[in-house]
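Chemist: The structure follows.
The values are calculated or read from the model by the stated rules, or taken from the named source; none is laboratory data. Model, not experiment: these values are computed from the prediction. All Cβ positions, even for glycine, are placed from backbone atoms using ideal geometry, and neighbour counts span all protein chains on display. Just the protein is used for accessible areas: all its heavy atoms, side chains included, with ligands, DNA and RNA removed. Shrake-Rupley method; radii C 1.70, N 1.55, O 1.52, S 1.80 Å.
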Amino acid sequence: MVMPSFCGRPEMFGVLFGGTLETLEETLDYRMSLHKPNIVIVNLCFTTNKYLPAGKSHKKDSFAWKLLMVVLVGLCGLSICFVRVGQKSVFTQAGFLGKHAALNFRCPHLSQNSTNGIKLHYVKPNSFQRGECSCTPVHFFVILSMQRSGSGWFETLLNDHPNISSHGEIFGGRKRHQNLKLVTRRLDEVYNLDYMSSAVKNECTSAVGFKWMLNQGAMQYHREINLYFKNRGVSVIFLLRRNLLKRLVSILANAYDREMKLLNGTHKSHVHSKEEAFTLANFRPTINHKVLPANFRRILEVTQNALEAFNDTRHTIVYYEDLVKNKERLEQTQEFLGVPVLSLTSQQVKIHTQSLSDQIQNWDMVYKVLRGTEFEDFLNHTEYI
């Protein structure tokens, strides 16, 4: 055992070692009584007794030693603090801290996908931290379409992908697109990953977007929106439907169910069982056949105007009929979005599967009006599913 010598001041042993009242002599006697004489006395004197002031009590010495210890501890604490602040945490950079990445960590230089023309972004949401996904680049997209063109089914397919989040009709209702400021603010929320919906995946989303109906402000502010898309690198998916007559049947049936609520008093635009689909398909609308050609020409004109308005953005045209018949078209869409190509499925069930002659109440009049026009092909029925 190593024991210190305090220049004939054994009471100092109690000061430095635990504040015990035992003197050095008492401790030594105790150790000897245990037959442990292996004690080495170490001289810790910094001076000799002749330099010690005479007549001073050990209380003043105790205070001096305590003050010295406080100063030493304080200096050690400050040194540790300065060293800690100045260094980067190796564990944080290596990912050991999980989602709480270092604020000063920089992501690698982002090289754009020159092959597909995709513009990528390192997104920093205001509502949450992306954590270990902070350096996962994000691609912005939008689905431009019209009601009852298969956009709901198409979105469920995209949202089946673990890296895609498509937020639905974020501009449904006039108040949501009544002015350009509201529109751009909502766009910023979506593309900054701050917009919350059931489509939100996780921090590692690599493609985020929504569907935008052409009559919900997209064409009203098309110049400003087109500039926004180009500046932020938003890719546009035009989702169209070739057979406008079948689209019209779907519109009228959906409007009827919105009023009548055929499914247990609730309205459903999309269904997930064959029983529900059969119930909704029982309604056979009567179509105003006299205005059919004019209405179809107007829809084609709106579609063409949209294609021209956003023609200089990165875009692709997807037809609902092609998605239903050819699974490769969905794979091409995933490549367009820059995500891994996966097999995607939807739980939605198609409502109208019968021939048009069985779905339209006044089929004979409709057939007569469209026969011989540029819309004659709409009369032919092809079984989708």
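Chemist: Can you report the number of residues in segment 200-215 which are within 19 Å of Gln147 (Cβ to Cβ) and either among the aromatic types (Phe, Trp, Tyr) or surrounded by 16 or more Cβ atoms within 10 Å (Cβ to Cβ) (or both)?
Modeler: 6
Chemist: For segment 221-250, how many residues meet the condition of being open to solvent by less than 20 Å² (accessible area, probe 1.4 Å), farther than 23 Å from Ala277 by Cβ and of a type in the set (Ser, Thr, Tyr)?
Modeler: Qualifying residue count, segment 221-250: 1.
Chemist: How many residues does segment 125-143 hold that are over 15 Å from Leu187 (Cα atoms) and in contact with a Ser or Thr (Cβ under 9 Å, 6 or more places away or on another chain)?
Modeler: Going through segment 125-143 one residue at a time, the tally reaches 4.
A quick yes/no check of all residues on (1) open to solvent by 60 Å² or more (accessible area, probe 1.4 Å); (2) closer than 30 Å to Asn362 by Cβ; (3) in contact (Cβ under 8 Å) with a residue 12 or more places away in the chain:
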{"site": "Asn264", "(1), (2), (3)": "yes, yes, no"}
{"site": "Ser273", "(1), (2), (3)": "no, yes, yes"}
{"site": "Arg297", "(1), (2), (3)": "yes, yes, no"}
{"site": "Ala309", "(1), (2), (3)": "no, no, yes"}
{"site": "Ile317", "(1), (2), (3)": "yes, no, yes"}
{"site": "Leu330", "(1), (2), (3)": "no, no, yes"}
{"site": "Glu335", "(1), (2), (3)": "yes, no, yes"}
{"site": "Gln347", "(1), (2), (3)": "yes, no, yes"}
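Chemist: Go over the candidates Val318, Val341, Val349 one by one and state the one that is of a type in the set (A, V, I, L, M), under 29 Å from the mean Cα position of the chain (by Cα) and more than 25 Å from Leu245 (Cβ to Cβ).
Modeler: The unique qualifying residue is Val341.
Chemist: Now a separate question. Run Phe278 past the list (1) touching a helix residue (DSSP H, G or I) at 6+ places or on another chain (Cβ under 9 Å); (2) open to solvent by 50 Å² or more (accessible area, probe 1.4 Å); (3) of a type outside the set (Val, Ile, Thr); (4) under 22 Å from Phe154 (Cα atoms) and report the number of the one that doesn't hold.
Modeler: Failing condition for Phe278: (1).
Chemist: Looking at Ala218, Ala253, which is the one that is more than 16 Å from His315 (Cα to Cα), modelled with pLDDT of 95 or more and crowded, with 21+ Cβ neighbours inside 10 Å?
Modeler: Being more than 16 Å from His315 (Cα to Cα), modelled with pLDDT of 95 or more and crowded, with 21+ Cβ neighbours inside 10 Å holds for just one of Ala218, Ala253, which is Ala253.
Chemist: Given the conditions (1) buried (at least 17 other Cβ atoms within 10 Å of the Cβ); (2) closer than 30 Å to Ser206 by Cβ; (3) free of Cβ contacts under 8 Å to residues at least 40 places away in the same chain, which single one is not true for Val341?
Modeler: (1)
Chemist: Now for a different question. State yes or no: is Gly150 among the small types (Gly, Ala, Ser) and surrounded by fewer than 19 Cβ atoms within 10 Å (Cβ to Cβ)?
Modeler: Judged against the criteria, Gly150 is not a match.
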